[in-house]
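Only one structure is covered here, and it is reproduced in the block below.
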Amino acid sequence: MSEQQVFWVDTRADRERAHNGISRYSELVRDNIAEFDGVWGDIAPVAFACAAWRVATPPVASPGFVRWHRRILSASCVRNGWDGSITARITLVSPPPAALTASRAWWRDRGWQGWPEIFGQYVEPAEQDLTKIPFVRPVLLVDAPLPLDDLPPAPEWPAEDLAELAHRALLVLVRELNRLIAPVITQIENGGG
């Protein structure tokens, strides 16, 4: 069974949205150089990789250069303050817990609804709907370490190849996040969520 891709780098859209016709992400790295403050010459690649991730994802990049599965609501990578490792924090749409689905009698009288979907995307309920209908929108929060292997080293200063190094870091993060989160999403979707 092939592994599902739940994170990917959208290179086609990156090229199409570029003002220079080459890479919108490269432009974002240049325009958001302050995101990399404090990482120059860092002995560990973590802070650099986290900065590269922030620049590639909303709200800095909108739409994101790194895209994700429709069940993923947010994805961030942060430096762990305890040991300097990298921690991924993923929020994703979940099916209701078994305790709520064992009997549906509790929600018949109120008309409870789950996650609204528009064109296959999970969305927040409209304010108008919230005045009439109660919603239960289960979410899973995943906090997990990511391996540091293969992350490029932090550059000594804002070098000419900064965008290329940031892109390499993104590819490693995307690969590791797929290994981590794809089985979770596969299980949710195969389990009838």
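Could you compute the FRET efficiency for residue 156 and residue 13, with r as their C-beta to C-beta distance and R0 at 45 Å, rounded to 0.05? That pair, residue 156 with residue 13, gives E of 0.90. When Lys and Arg each count +1 and Asp and Glu each count -1, what net charge do the other residues less than 11 Å away from residue 44, Cβ to Cβ, add up to? Its environment carries a net charge of -1. Neighbours of residue 164, meaning other residues whose beta-carbon lies under 14 angstrom from its beta-carbon, give a summed charge of -2 when Lys and Arg score +1 and Asp and Glu score -1.
A helix-only calculation puts the chain at -10000 deg cm²/dmol for mean residue ellipticity at 222 nm, using -39500 (n - 2.57) for each DSSP H run of at least four residues, averaged over all residues. Against the compact-protein benchmark of 2.2 N^0.38 Å, the Cα-based radius of gyration of the chain scales to 1.19.
Note on residue 132 and residue 99: with the Förster distance fixed at 22 Å, the Cβ-Cβ geometry gives a FRET efficiency of about 0.30.
Can you give the local net charge around residue 63? Use residues other than it whose beta-carbon is closer than 9 angstrom to its beta-carbon, Lys and Arg +1, Asp and Glu -1. That works out to +1.
What shape does region 96-137 take by its C-alpha gyration tensor, where a ≥ b ≥ c are the square roots of the eigenvalues and a/c under 1.5 counts as rounded, a/b above b/c as prolate, and the rest as oblate? It comes out oblate by the Cα gyration axes. Peptides 122-132, 53-63, ordered by how many other C-beta atoms sit within 10 Å of their residues on average, highest first, read 53-63, 122-132.
Estimated at 0.36 nm per residue, the fully extended path between residue 140 and residue 62 surpasses their Cα-Cα distance by 25.7 nm. A crude spin-label estimate for the pair residue 40 and residue 20, with each label 7 Å from Cα along the Cβ direction, gives 1.9 nm.
On the basis of the beta-carbon distance and an R0 of 30 Å, residue 186 and residue 82 show a calculated FRET efficiency of 0.45.
For the peptides 36-44, 176-184, the ranking by packing is 176-184, 36-44, with the highest mean count of neighbouring Cβ atoms within 10 Å listed first.
Every read-out reported here was derived from the displayed coordinates using simple, explicitly stated rules and does not represent laboratory data. In this text the structure is predicted, and so the values were computed from the model without any measurement. Please note: Cβ atoms are built from the backbone with ideal geometry, for glycine as well, and neighbour counts cover all protein chains shown.
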